[in-house]
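The values are calculated or read from the model by the stated rules, or taken from the named source; none is laboratory data. Predicted, not measured: the structure shown is a model, and the values here were computed from it. A quick note on method: Cβ atoms are made from the backbone with ideal geometry, for glycine too, and the neighbour counts reach across all protein chains shown. The protein model used for the area step is the full one, side chains on, heavy atoms only, and it has no ligands, DNA or RNA in it. Shrake-Rupley method; radii C 1.70, N 1.55, O 1.52, S 1.80 Å.
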Amino acid sequence: MGDMANNSYSGVKNSVAEPNHEGEFGCSLKELRGLMELRGTEGIRKIQETYADVNGLCSRLKTSPVDGLSGQPADLEKRTIVFGQNFIPPKKPKTFLQLVWEALQDVTLIILEVAAIVSLGLSFYRPPEADSTNCGEGTGGVEDEGESEAGWIEGAAILLSVICVVLVTAFNDWSKEKQFRGLQSRIEQEQKFTVVRGGQVIQIPVAEIVVGDIAQIKYGDLLPADGVLIQGNDLKIDESSLTGESDHVKKTLEKDPMLLSGTHVMEGSGKMLVTAVGVNSQTGIIFTLLGAGGEDDEDEEKEEKKKEKEEALCSAKAQDGAAMEMQPLNSDEGADAEEKRKANLPKKEKSVLQGKLTKLAVQIGKAGLVMSAITVIILVVLFIVNTFWVQGLAWEKSCTPIYIQFFVKFFIIGVTVLVVAVPEGLPLAVTISLAYSVKKMMKDNNLVRHLDACETMGNATAICSDKTGTLTMNRMTVVQAYIADKHYRRVPEPEVIPGSIMDLLVLGISVNCAYTTKIMSPEKEGGLPRQVGNKTECALLGFVLDLKKDYQPIRNEIPEEKLYKVYTFNSVRKSMSTVLKNPDGSFRMFSKGASEILLKKCYKILTATGEAKVFRPRDRDDMVKKVIEPMASEGLRTICLAYRDFPASDGEPDWENESDILTSLTCLCVVGIEDPVRPEVPDAIRKCQRAGITVRMVTGDNINTARAIATKCGILQPGDDFLCLEGKEFNRRIRNEKGEIEQERIDKIWPKLRVLARSSPTDKHTLVKGIIDSTVIEQRQVVAVTGDGTNDGPALKKADVGFAMGIAGTDVAKEASDIILTDDNFSSIVKAVMWGRNVYDSISKFLQFQLTVNIVAVIVAFTGACITQDSPLKAVQMLWVNLIMDTFASLALATEPPTESLLLRKPYGRNKPLISRTMMKNILGHGVYQLTIIFTLLFAGERMFDIDSGRNAPLHAPPSEHYTIVFNTFVMMQLFNEINARKIHGERNVFDGIFNNMIFCSIVFGTFVIQIVIVQFGGKPFSCVGLSIEQWLWCVFLGFGCLLWGQVISSIPTSRLKFLKTAGHGTQKEEIPDEELEDMEDLDEIDHAERELRRGQILWFRGLNRIQTQIRVVNAFRSSLSPYEGLEKPESRSSIHNFMTHPEFRIEDSEPHIPLIDDTDAEDDAPTKRNATPTPPPPPSPNQNNNAVDSGVHLFLDNNSSKPATPSAPASPMHSLETSL
């Protein structure tokens, strides 16, 4: 059977399409496509008219509704040829040349290219009778040994280095793109789907599904192809991704059997006949319309996004990005494309780190721009003053080219200062570091879907984890049972159970568990049997096997089609029931579910004789005390099994009225199911706690089980005063009298809450949101959440980092997550934390190194130019230094492997500056050392080394030893400082673990070798002269001094240096009122992430207007606030921003109705949707979660004084409101 699945695909590639296949099937591709475009009743009518019924359609497609396709390779191949394969071709990647072209768009590089070309042109121009003497002394010595012939070299060298930089950038982008594609395809290949072939249920990759397959669908699936329902139980589908309709659609054979690809199964299960795959499915058609095959250039898309940003400033729609903008079709369908692109569009806001970096790069860029402008101005002024004033020469026409050549040279120097000042390596370092980490995290079972999630994880302060499958092994087994008035501590022998009870038990378990759940033989000899499907049900089936019975014969006798009615499990019912119709017309219903829920509905219980006796509330309380609580306190999940008979005389009950159906049950037994804790979890949780991360457990289990497991894991330590709450109690505590959620109330609870039991998906979302929005603790919380079920979607989306389970997780959960844990194991999360912190540290290391070079190079070029009218570091040398410090250093420092010691410090939090005071101390300290050395060499070097001075050399003078030594020493200092930069927390030993990072060693060594080559053989292009061994040793020694000086610096305690400022904060909270902050964050953050921090230099251009736009927004906001605004949101942080503010959980048309979240929540209707239209908001609506109104503080408005008596609302951002009434 396994082979069938494998070779089913083998023949497709090399076959030639033969025209006669079309006729073999009873319907054509076009016909089926037409059928799938119909909805509901039209679809049914069409099926009835054309094929009589679904079975007719099956026979036309040559498939059996029970056994599926034969699975013969030839048949599958034929189907692929006629109906296509289930694969949507991805967009073509950018070619290398396109990337090169993009890299060339860089502003500074363009300036350099122009300057170099002008310089080239001028060097070839020979003025006829220019007597160099009368053009001023600075121009003398031009004819020196025909050196003027070499004037073109500098221009050419600059062009060459520009080409180098461009190629490196393009190559990096290209490899990043390649990795991302690899990742995407890896995620796509992982998706498998269950189909019936040859009567066997097998799992095949989604791409191998063909038309005519019979697919089994269940809760949590993302449908991979279009199809028609053959048989369904209580099937509800979320079609919002295709139709924008947020209500779940009930699918039945009678009313609406059409199932569409890309939609989510929210409840129930069933079987469908696949009728359209790949580009012919509904999703595929939309994709071809959107041109997924060959999409327009991304830039246009980006332009659109930008335009849209500007118009829609903060409207909730803006976050859906271009996907919504580009729709060439009706609004409802574009949504689906957006769905598919979610993987490529950045999710949520831009990551914390990128925000800080962008801001920093803009600041540095501005400084560099100013410095370079001043340099050029000073050079030009000095030259003019010197030539025309001091020497008193007139401007000769014949001298013009020479003067222009001077000006070009000055201009080139100015531009090189700028190039060195702008840290274009920053985005590169981030990208390299993230890409490297992501690659390595694959080995640690973390499949990262969004690059920035990796870095956010390093700042995580809280983890809300599921219990089942993450902390525990997700291998359920029944270990205790209460049957026939007796509590068995281990599974009883079959003989002790009365036969009548036994038969009911086995029948009930066999039919009332999903037929997709089964226990298979172990994969490896001696292994545990494999549990397929729902684990709790597997435990019950395992219980049947332990009782020496078998469930398969019963299932064969009663196939799924014969089940009369199935109420599937969902988070509201918390139970599952199956109704069988007996031959005599009576019905029997089997139910199973959480014991505390089902026992309330039981009114009889089977005794040792096999008779039913009355079961009163008093008996129930006894049973809870004596059976259920002892089981739960040992960490067992208790499941009650019950049944009910509907006699034929009563006629058929009303199946839709659930509350009447699910009462007066007879209890068969109560079983205790255990899910053992994974052995590596307690240790992982200890590591988290030591690293300053709080682990909370959120589970659907009852509170005793939850507490027992939490204690075993180490989440709860004996003797601590921590809260364990049930969902109900939690809800009661966080809501006010009107039933709205209040942030203040959440703030009282969450710091101590460790276990939330019996929680609904809504509770999980509320908790996560409450922790993220909380401002009680001065450090904002960064929350990671793990989830596997469809209902975890909203919480995964809301969290800063969502982890989905790779094995147990449903497609919906994976879609909403940032990182997929391929082994479902909590200890992999700890690895993710380690990698995340490592990314942050790598960036800081790189910054520390880069900024030192920046400061030194800029100051040297600037002062050198002012004093000696010529930059000591030539343009080409600067570009080489720029290459070392940007590209190579980012490679070397960004690829440091993480160490365990990263887990010994507390997390950094959201507004920790990038450059700590220790780093600032290092940067300034090393800057001082390097400047001292360089200036000493520059102004006294010729005397120390006894060589000719290189200062005040004429225009095309040959390179001097003097300046070569300056350049060489400068590079040596950078190389040794790169080793210093490996530690940022002031550690002494900078060589610690240096050989674990081969990239670092090879880069430092390689740079050293290239430097030798440049100096000894670089000659004119690099303005270098070969140096003697003695001079080389001096250069290296002065460079080595950096390491010694580093030790001196680290001896100075940072605490003494109060004057040092930190830099590179995120936007500080105090700078702007919260209200605007929220809007700004959204604008700014999403904007750059889309362009993935395109290139560093563009930032200072774009950054400027972006900041202006924001200031405008801020002002617009300020001016448009009405007096009510103060009332409405006394503290915007605590008002619950409706779910819609982030690109949301697949809710189109921004209607406030949110699926999956009970409508009782205040969140849903709170009118805090962020549409930044400056209309005055409505008067405070009662369901606002605000504190001022509810706590009875009213605004008193005096008519004479035009200022409101501001209520003492906590930290109200509206202090500045001037309302004149």
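Things worth noting here:
- Total formal charge among the other residues, if their Cβ is under 11 angstrom from that of Glu961, Lys/Arg +1 and Asp/Glu -1: -3
- Look at the Cα gyration tensor of the range 647-778: its axes a ≥ b ≥ c give a/c of at least 1.5 with a/b at or below b/c, and that counts as oblate.
- Packing-based order for 778-788, 404-414, 894-904, using average beta carbon neighbours within 10 Å, highest first: 778-788, 404-414, 894-904
- Cross-link pairs Lys600/Lys728; Lys366/Lys1020; Lys752/Lys906; Lys271/Lys562; Lys440/Lys831; Lys604/Lys625 - those with Cα-Cα distance over 22 Å: Lys366/Lys1020
- Cα gyration tensor, the range 398-466 - rounded (a/c under 1.5), prolate or oblate: prolate
- A dipole drawn for the range 631-746 from +1 and -1 charges on Cβ atoms has a positive end, and of Leu668, Asn702, Cys724 the residue lying farthest that way is Cys724.
- Charge dipole (the range 449-524, unit charges on Cβ, about Cα centre) - positive-most of Ile501, Asn512, Thr472: Thr472
- The range 464-618 - accessible surface per residue (Å², probe 1.4 Å): 46
- Here the peptides 627-638, 511-522 are ranked by packing, the mean other Cβ count within 10 Å, and the order with the highest first is 627-638, 511-522.
- Rounded if a/c under 1.5, otherwise prolate or oblate - the range 773-930, Cα gyration tensor axes: prolate
- Dipole moment magnitude, nearest 20 debye, the range 222-280 about Cα centre, only Lys, Arg, Asp, Glu C-beta charged: 200
- Peptides 270-279, 559-568 ranked from most to least packed by the mean count of surrounding Cβ atoms within 10 Å: 270-279, 559-568.
- Its Cα centre serving as origin, the range 931-1047 has a Cβ charge dipole (Lys and Arg +1, Asp and Glu -1) of approximately 220 debye.
- Taken per residue, the accessible surface of the range 223-288 reaches 22 Å², heavy atoms only and a 1.4 Å probe.
- Heavy-atom SASA rank of Asp818, Asp173, Asp584 (probe 1.4 Å, accessible area, largest first): Asp584, Asp173, Asp818
- The apolar share of the surface of the range 688-810, taken as the fraction of accessible area on carbon and sulfur atoms (1.4 Å probe, ligands and nucleic acids excluded), comes to 49 percent.
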